[in-house]
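> The structure is given below, and queries will be raised subsequently.
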Amino acid sequence: MGGLAAAAPDLDFVVRLFGSDVYLEQHRGVTHSLVAMPVWAFILAVGFSVLGGRRYGWKAYYGVTLLALFIHILGDLITSYGTQILAPFSSWAPGFNTTFIIDPWFSAILVVGLLVSLYWRPRLAASLSLAALTALVLFQHTQYRAALDVAQRFADERGMSAARVEAYPQPFSAFNWLLTVSHNDAHYLARVNLRRSDPPRRVPEDAAWFRRIWASYQPVDQAQWRRHAVYGEGDRDALARSAWAQDGFGFYRRFAHLPSLYRVDRASSDVCVWFKDLRFQLEGLTPPFRYGVCRDGDRDGWRVFTLGMDGEPSAVGGLLW
């Protein structure tokens, strides 16, 4: 029952039926709320009691259900996506930025702890696993602070006193980080490995995806900072600003922490302006969460679309539209 309760918050995937824009705003929303957690725990506890033929009342399930929901929320908070812990009263979505969304070391501790607990002193094995997980996340936090310091030094050296500095965990290692400095409608990004002293060996363009990702993280003293304009350059700037400000695009403005112009498509009098969120982009891979607005010449207003991983656009909307 605890395992089922721990998975329950991700049932919010059903909001995809109402459109990808709704999902983007509501994922990790009210089902992941600390405010609503006692209510969800009660509903699940009653359901478990009914499924068990009322052998035990709902109170017998409430404690483990509440704890399982809390563990799920806490596990999401350590990532970079953002979790609306005060929903439905606030859309504030903090993220601790300590752990990548799929962390092999985090997962390995969970699996090993589960296997050991099946064959040797379950309570002790579970407690040791929890202690190991806690130690891992605390260590990752120390690396997060170190990565922030590197990004802050870059901003200070270039006189960006008002810049917004952040660091995002990356795949495979607690030492891999995406450093970001946002200043004057531009984001400066660098991928670094905090422990590397020598640059990684170059890999061919047709190398496996994981090799390309691993080789993209440079030593701190050889960091390759790249500038990404929010609205693009030249004559695309005014068009991108107009597209970005459209009323129907508000959901993406709230979601994207590091928005950047992805591309502009033109066909005859039609135009589409696409944006991406740089915090989710990995070297050599197509970025997710690409959204844009399109219009048919000057006759129609802007309409919101999303780009699938196959590169095909689809209108935003779902069953309610």
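> Quick one, can you get me the convex hull of the C-alpha atoms of the range 236-315 expressed as volume per residue in Å³?
Each residue corresponds to 96 Å³ of Cα convex hull volume.
> Here is a further query. Rounded to the nearest whole Å³, what is the per residue volume of the convex hull around the Cα atoms of the chain?
Spelled out: Cα convex hull of the chain, divided by residues, is 178 Å³.
> If one takes the longest principal axis of the Cα atoms in the chain, at what angle in degrees, from 0 to 90 and to the nearest 10, does the Cα axis of helix 37-51 lie?
50 degrees
> Got a sec to turn the phi values of the range 271-277 into Karplus ³J(HN,Hα) couplings, 6.51 cos²θ - 1.76 cosθ + 1.60 with θ = phi - 60°, whole Hz, x for Gly and Pro?
Once rounded to whole Hz, the list reads 8, 10, 10, 10, 10, 9, 10.
> Using r as the Cβ-Cβ distance of residue 60 and residue 7, and R0 as 30 Å, what FRET efficiency do you calculate, to the nearest 0.05?
With R0 = 30 Å, the Cβ-Cβ based efficiency is 0.90.
> Same structure again: Using the crude model of +1 on Lys and Arg Cβ and -1 on Asp and Glu Cβ, and no other charge, please compute the dipole size for the chain relative to its Cα centre, in debye to 20.
Using only the charged Cβ atoms, the result is roughly 980 debye.
> While we're looking at this one, here's another question. Summing +1 for each Lys or Arg and -1 for each Asp or Glu, what net charge is found among the other residues whose Cβ lies under 12 Å from the Cβ of residue 207?
For residues surrounding residue 207, the net value is +1.
> Right, something else. Would you report the distance distribution of C-alpha pairs in the range 2-96 as whole percents per 5 angstrom bin, up to the bin with the largest distance?
3, 15, 22, 23, 17, 11, 6, 3, 0
> Related question: Between 0 and 90 degrees, rounded to the nearest ten: what's the tilt of helix 104-119 against the longest Cα principal axis of the chain?
It works out to around 10 degrees.
> What's the angle, to the nearest 10 degrees (0 to 90), between helix 59-77's Cα axis and the longest principal axis of the chain?
30 degrees
> Then there's this: Label points 7 Å out from Cα along the Cβ direction at residue 111 and residue 92: separation in nm?
Between residue 111 and residue 92, the label points sit 3.8 nm apart.
> Would you work out the relative contact order for the range 236-315, in percent, from Cα pairs under 8 angstrom that are 6 or more residues apart?
Value for the range 236-315: 22 percent.
> Taking the number of other C-beta atoms within 10 Å as the exposure measure, put 120, 40, 105 in order starting with the fewest.
So the residues, fewest neighbours to most, are 120, 105, 40.
> Grab the DSSP H runs of the chain that are 4 residues or longer, score each as -39,500 (n - 2.57), total them, divide by all residues and round the 222 nm result to the nearest 500 deg cm²/dmol.
So the calculated ellipticity at 222 nm is -12000 deg cm²/dmol.
Throughout, read-outs are computed from the coordinates displayed, never taken from laboratory work. Note that the structure is a prediction, hence the values are computed from the model and not measured. Glycine gets a Cβ as well: all are built from the backbone with ideal geometry, and neighbour counts include every protein chain shown.
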